[in-house]
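Q: Attaching a single structure in structure tokens format; questions to follow.
What follows is calculated from the coordinates using simple rules that are stated; it is not laboratory data. Everything numeric here is computed off the predicted structure, so don't read it as measured data. Cβ placement follows ideal geometry from the backbone for every residue including glycine, while neighbour counts extend to all protein chains displayed.
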Amino acid sequence: MSTNGKPKFAMYWAAACGGCEIAVLNIHEKILAVDANFDVVFWPVAMDAKYKDVEAMPDGSITLCLFNGAIRNSENEHLAHLLRRKSQILVAFGSCACEGCIPALANLTTPAAIFEAVYHGPTTDNSTGILPHPNVRVLEGDLHIPEFYPVMKTLDQVVPVDYYMPGCPPEPRQIGAVIDLVIEALHGQAALPPPQSVIGAGGSTVCDECPRTRHEKKIRRFVRIQDIQPDPTLCLLEQGIMCSGPATRSGCTALCPQAGAPCVGCYGPAEGVLDYGARLLTAVASVIDSKDPQEIEAILDGIPDPAGMFYRFNLAGSLLRASKAAINAKEWGVLRAEEERHAAHHN
Ligand code: SF4
Ligand code: SF4
């Protein structure tokens, strides 16, 4: 590990898809500014460094840590605590760390159902029905793997966070601007925003950045984008296409509506929104053109997968967080019962 005098930079992925890492590499030549201004001490996707190297560093010695991914297991949680201790500035980087993102939709179900889908599904060859366990004794000794948690958590549900950088992934343009700002702050040329701020994003909604024409919205039915030929200039929601722009934080320049696709909400709740799904539901309910409860219900039935639509990126960070079944699940106990049930079925 390098010991030069530069500020230290770390990036870590917990439960994540890797898109945030690619977004950082997509800042192109600005990555040279990261190298010029920081000593990269820990970035598992880009360089070989061991957890013990981080453990050996003095507390607070990492200047900036971008933490992407949510907390799905005990390893993720251990690294969240370790990197919090070692870092001066800990950024919840990307939707998974900020609000749970797509992986947290698994909070709607139980660990047993998740493991059933993954290890006993039709595409998995697992004739003995084996499931992973945190502690396994083999001939060579004891093996330990991270413990799977029944409810996925956001980073700030585990440790205090200094800044939030939303997006799935954050836009490279925004990442570049944040890196510039931190470098300027390190040189005394700029001040960092107040702690707990959202950085690398706007303060209004995607609708405010969207160039599509808006009128007073009145919806009598919802349609899927593939079922109609949408007007290329008119607000998609007015055309009955479920668009999450009214509840979503600005900062992406309304990329998706500009390209003809509805916003799916990847920049998370707009400023001041406590519960993203509730805000989106309110926005949608207010444009339904009916006062008849049965007709309203029929119109709402046209929204495919409401839980996935309203909480696609935000379930772990929402007021709901998870289903009762997930909250009540006793992770490995449930899994063992499931494994026994499966083994009995196969004997
Ligand atoms: S609802 Fe969607 S399409 Fe309509 S203005 Fe907002 S972001 Fe644009
Ligand atoms: S328009 Fe919505 S889904 Fe598309 S990048 Fe922006 S916030 Fe994400």
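Q: From the Cα gyration tensor of the stretch 53-105, with a ≥ b ≥ c the square roots of its eigenvalues, which class applies: rounded if a/c is under 1.5, or else prolate if a/b is larger than b/c, or else oblate? Don't skip to the end; give the middle numbers.
A: Numbers: a/c = 3.79, a/b = 1.78, b/c = 2.13.
Here the stretch 53-105 falls in the oblate category.
Q: Tell me which residues come under 5 Å, amide H to amide H, from LEU234 once H is placed; ignore anything under 5 positions away on its chain.
A: For LEU234, the qualifying residues are THR213.
Q: When ASP292, ASP156 are ordered from fewest to most other Cβ atoms inside 10 Å of their Cβ, what list results?
A: ASP292, ASP156
Q: For the residues ARG173, ARG279, what sequence is obtained by ranking on other C-beta atoms within 10 Å, fewest first?
A: ARG173, ARG279
Q: Something else: Between PRO211, VAL273, LEU236, whose Cα lies farthest towards the positive end of the dipole of the stretch 206-310 when Lys and Arg beta carbons carry +1 and Asp and Glu beta carbons carry -1, centred on the Cα centre?
A: PRO211
Q: Suppose R0 equals 22 Å; then what is the FRET efficiency for GLU75 and VAL138 from their Cβ-Cβ distance, rounded to the nearest 0.05?
A: Details: r = 20 Å, r/R0 = 0.90.
Calculated transfer efficiency: 0.65.
Q: Compare the Cα positions of ASN76, SER250, GLY18 along the charge dipole of the chain (+1 at Cβ of Lys, Arg; -1 at Cβ of Asp, Glu; about the Cα centre) and return the one farthest towards the positive end.
A: Result: SER250, furthest along the dipole toward the positive end.
Q: Another question about this same structure. Applying the Karplus parametrisation 6.51 cos²θ - 1.76 cosθ + 1.60 with θ = phi - 60° to the phi angles of the stretch 128-142, what ³J(HN,Hα) value in whole Hz is obtained for each residue in order, glycine and proline being reported as x?
A: Each residue of the stretch 128-142 in turn: 8, x, 5, 10, x, 10, x, 10, 9, 9, 10, 3, 7, x, 8 Hz.
Q: Something else: Once the dipole of the stretch 3-94 is set up with Lys and Arg at +1 and Asp and Glu at -1 on Cβ about the Cα centre, which of LEU66, ALA33, MET47 lies farthest towards its positive end?
A: Working it through, the farthest residue towards the positive pole turns out to be LEU66.
Q: Report the extension gain between ARG221 and ALA259 in nm, rounded to one decimal, defined as 0.36 nm multiplied by the number of residues separating them, less their alpha carbon distance.
A: Values: separation 38, 0.36 × 38 = 13.68 nm, distance 2.28 nm.
Length difference between fully extended and current span is 11.4 nm.
Q: While we're looking at this one, here's another question. For labels at ALA185 and ILE228 in the simple 7 Å Cα→Cβ model, what's the distance in nm?
A: Calculated label separation equals 4.4 nm.
Q: Restricting to DSSP loop positions (anything but H, G, I, E, B) with no more than 12 other Cβ atoms inside 10 Å of their own Cβ, which GluC sites (Glu not before Pro) remain in the stretch 1-90?
A: Taking the stretch 1-90 and a limit of 12 other Cβ atoms within 10 Å, the loop GluC sites (Glu not before Pro) found are GLU29.
Q: In terms of the Cα gyration tensor, with a ≥ b ≥ c the square roots of its eigenvalues, is the chain rounded because a/c is under 1.5, prolate because a/b exceeds b/c, or oblate? Present the calculation step by step, with values, prior to reporting the outcome.
A: Working: a/c = 2.29, a/b = 1.12, b/c = 2.04.
The shape class here is oblate.
Q: In debye to the nearest 20, how big a dipole does the chain give about its Cα centre with +1 on each Lys and Arg Cβ and -1 on each Asp and Glu Cβ?
A: With only Lys, Arg, Asp and Glu charged at Cβ, the dipole is about 380 debye.
Q: Just to be sure I understand the model, the point goes 7 Å from the Cα along the line to the Cβ. What's the resulting SER127 to ILE145 distance in nm?
A: Once both label points are built, they end up 2.1 nm from each other.
Q: Hey, another quick one. Separation of the stretch 170-192 and the stretch 101-153 by C-alpha centroid, Å?
A: Each part's Cα centre sits 39 Å from the other's.
Q: So how strong a dipole does the stretch 206-310 carry about its Cα centre when Lys and Arg Cβ are +1 and Asp and Glu Cβ are -1, to the nearest 20 debye?
A: In debye, rounded to 20, the stretch 206-310 gives about 160.
Q: Now for a separate question. Run the Debye formula on the Cα coordinates of the stretch 205-283, all scatterers equal and no solvent, and tell me log10 I(q)/I(0) at q = 0.16, 0.21, 0.22, 0.23 1/Å.
A: Ignoring solvent entirely, the Cα scatterers give -0.53, -0.92, -1.00, -1.09.
Q: On to the next question. Using the Cα centre of the stretch 45-159 as the reference point, and only Cβ charges (+1 on K/R, -1 on D/E), how large is the resulting charge dipole? Debye, rounded to the nearest 20.
A: 240
Q: LYS50 to LYS324: extension gain in nm, 0.36 nm per residue of separation minus the Cα-Cα distance?
A: Value of the extension gain: 94.9 nm.
Q: Then there's this: What cysteines in the chain have no other cysteine with a beta carbon less than 4.7 Å from their beta carbon?
A: Here CYS17, CYS20, CYS65, CYS98, CYS207, CYS210, CYS235, CYS243, CYS252, CYS256, CYS263 come out as lacking a disulfide-compatible partner, given the Cβ-Cβ threshold of under 4.7 Å.
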